[in-house]
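Read-outs throughout are calculated quantities, based only on the coordinates presented, and are distinct from any laboratory measurement. Given the structure is predicted, the values throughout are model-derived calculations rather than measurements. When we count neighbours, we look across all protein chains shown, and the Cβ atoms used for this are built from the backbone with ideal geometry, even at glycine.
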Amino acid sequence: MSAFVFRHSESPEQAARWDRRRSLATQLRSVYGRAYPRIIGARREPSWLLFEILLPFLTTSAFVFVYRALDAPAEFIGFVVLGGAMTAFWLNILWMMAAQLYWERDQGNLELYFTAPISMMSILFGMAIGGLFMSGTRAAVVLIVGATLYDVVFAVEQWLLLLAVFFLTMAALYGLGMVLASFFLLSGREAWHLSQGLQEPVYFVSGLNFPVARLGMLGAVAIATIPLAVGLDAMRQLAFVGSEHADGVLPAWMEALILVGMAALFIGLARWMLGQIERLARVEGKLTVKGT
Amino acid sequence: MSAELGAARPGRREAWAASRRAFRTAMRLGWQTEANWTDPLLFFIYSVAKPVGAAAILIFMVDIISGGRADPAIRSFVVIGSALWSFVVAGIAGLAWSVLDDRERYRMLKYLYVSPNPILLLLLGRGAARIGIGAFGAGITLVIGVVLLGLPFDPLAVDWPLAMVSMALGLVSILSIGLFLAATVMQTRQDSWSYPEAVAGGLFLLVGAVFPLLVLPAPIQAIGLVTPLTWWLEGVRGALFPGALSGIGGEGSLYATLAGRAEPSSAEIVLALVASTAVVSVLGLLFFRWSERRAKEKGLLDQVTGS
């Protein structure tokens, strides 16, 4: 039977009529394929070492010197270093996840994704893994060099919980990134500006350089809605045990549970939204029209 | 032969008029690109969210450490530095993003190059539009500082000549640094969107935008002292808010050690600003010309990259 015979199907995946094993292998290849240009791209463009690691480290250092100028207690320097490391992930979410589908549309790749027999979740998961390589490197450098250079003393008692909180924060953040990717795609030209507008205000309400509990009601709202705020608050409590300044909005274990809920909610929501935009793209044919 | 050379040569007056027209058009295009995607209210929120958010982080840092009893002079220093920094972020990013936008998104850079207008003029026009948006954010942050945080602003006490000279020279130096970045991203891939912000972040430390330079190690203070933005901030801060803390001087600072006085005078500020701006402008221009030549030779002007 010819491969070009018309068969009614809901999606290219269904039209492909692959068995489960082949379908899974293709999804995994898609994840690898989408992560590949980000990891290889970083190797081929060494300038990112200067612009994505050294210079952002100087920004973090500026906040360290603000605290030094104010004769702040030593833990606050640690809060800045921890916050500086976590900004790498938030920036990656905004620019390389949320705004990416919008840019893929401008580059003409989006229709290829929709017509390929793969899930959009695989594409976004690949983007996340590729992005994690770059942002993870940056975060590690800020954390290690910052802690060494500025004599930050971490006091950790529950390593497992700290690691669990970190990975849950990543899951919730990248889930949110996938949701934002669909949202930005639907919002057209505003993607660029939304990414810009979601940087400093989110840093502020997430308590990037200070305990978010000090923001009162605003901090509580941030804890309920922004994974960066919850993750940072929990990690601050777990990495500076015994510090009178690392007071959290809620106990760390409770914030870990909030992160579990957020990760499940955002990933589920992302799956639903991606299904919606795929449907819209096929039924109305509007999503792949360039917005610029 | 380039399009500029190949075109009929106009007289000096016509050429000047054409340049002004090209600059105005580029500025208008830059403004439209930045502003016409939404209604004025949302655009207002977007324009002020970033600078006000950045200032709020610093104000909270100061207030938390001082237990809500912050020295007004320190608070003013932080708010003014943070507000003025909007110009730097917007100005540096404006030129670089114009190159990336026109090469990667709109795919127009190659056409701009073959048009009879000098590319530098078009980029400066686009950059000027973004500086306008930065000025908007800076103005709102300062107004919030004066109205809500009690910054001591008295229009009659302002040293207007110093403010205007410092501002004009500062904007030239910001655009020159922007030129460096535009030249850099002409050589790099699409993912360079974050480069201007990274450079602005690095300079944020070196020029002591929100803390006096004297808290930095002496070699870093020395780098700060040869950067025009340090003198620009000092000039504008001192002119708009007479009696404000000096970012350059102070007991134990490198400046005080070298100059033998606590703070620089207005004349010194202007002189240092003129000299450092001139150096940065010439270097920026030379680097941009080199980058342009290399981009033409290697075919980078119409290169589109993915990530």
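Summary table
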| item | result |
| --- | --- |
| Sorted peptide list for A:19-25, B:45-51, criterion being average Cβ within 10 angstrom, highest first | B:45-51, A:19-25 |
| Prolate/oblate/rounded call for chain A, Cα gyration tensor, a/c under 1.5 rounded | prolate |
| In Hz, Karplus ³J(HN,Hα) per residue of segment A:227-233 (6.51, -1.76, 1.60; θ = phi - 60°; x = Gly, Pro) | x, 4, 5, 5, x, 5, 4 |
| Within 10 Å of each Cβ in B:273-284, the average number of Cβ atoms from other chains | 0 |
| Distance in nm between pseudo-label sites at B:Ala259 and A:Arg214 (7 Å out along the Cβ direction from Cα) | 3.2 nm |
| Inter-chain shielding of B:195-208 (mean C-beta neighbours from other protein chains, 10 Å cut-off) | 6 |
| Alpha carbon centroid spacing (whole Å) that separates segment B:251-300 from segment B:71-126 | 18 Å |
| Order by protection proxy (mean Cβ within 10 Å, highest first), peptides A:225-237, A:267-279, B:164-176 | A:225-237, B:164-176, A:267-279 |
| In Hz, Karplus ³J(HN,Hα) per residue of segment A:33-47 (6.51, -1.76, 1.60; θ = phi - 60°; x = Gly, Pro) | x, 7, 6, 3, x, 6, 6, 5, x, 5, 6, 7, 10, x, 4 |
| J(HN,Hα) series, segment A:111-123, from Karplus relation 6.51 cos²θ - 1.76 cosθ + 1.60, nearest Hz, glycine and proline x | 5, 5, 4, 5, 8, 7, x, 9, 8, 5, 4, 5, 4 |
| In range of the label at B:Ala218: residues from segment B:256-281 whose backbone nitrogen is under 12 Å from the point 7 Å along Cα→Cβ | B:256-258 |
| Label-point separation, B:Ala17 to B:Val304 (7 Å along Cα→Cβ), nm | 3.8 nm |
| Whether the protein assembly as shown is rounded, prolate or oblate, judged on the alpha carbon gyration tensor where a/c under 1.5 counts as rounded | oblate |
| Net charge of neighbours whose Cβ lies under 14 Å from the Cβ of A:Tyr150, counting Lys and Arg as +1 and Asp and Glu as -1 | -1 |
| Estimated FRET transfer efficiency when R0 is 22 angstrom, pair A:Val241-A:Ile144 (beta carbons, to 0.05) | 0.65 |
| Per-residue average of Cβ from other chains inside 10 Å of A:50-58 | 6 |
| For A:Leu198, distant residues with modelled amide H under 5 Å away | none |
| Net charge contributed by nearby residues that have their C-beta within less than 13 Å of B:Val79 (K/R +1, D/E -1) | 0 |
| Under-5 Å amide H pairs with A:Ala155, H placed in peptide plane, nonlocal only | A:Phe240, A:Val241 |
| Lysine pairs with alpha-carbon atoms under 30 Å apart, the protein assembly as shown, spacing 8 or more or separate chains | 7 |
| Residue-count net charge about B:Ile65 - beta-carbon cut-off 14 Å; Lys, Arg +1, Asp, Glu -1 | -1 |
| Chymotrypsin sites (Phe, Trp or Tyr not before Pro) restricted to DSSP loop in segment A:65-103 with at most 10 other C-beta within 10 Å | none |
| Residue (of A:Thr115, A:Gln276, A:Leu162) at the positive-pole extreme of segment A:18-283, dipole from beta-carbon charges | A:Thr115 |
| Prolate/oblate/rounded label for segment B:87-169 (Cα gyration tensor, a/c 1.5) | prolate |
| Segment A:191-242 versus segment A:78-157: alpha-carbon centroid distance in Å | 17 Å |
| Lys/Arg +1, Asp/Glu -1 at C-beta; segment B:84-168 dipole; positive extreme among B:Leu151, B:Ser86, B:Ala129 | B:Ala129 |
| Distance (nanometres) between label positions extended 7 Å along Cα→Cβ at A:Val221 and A:Arg43 | 4.6 nm |
| Helical contribution to [θ] at 222 nm, DSSP H n ≥ 4, -39,500 (n - 2.57), averaged over chain A, rounded to 500 | -23000 deg cm²/dmol |
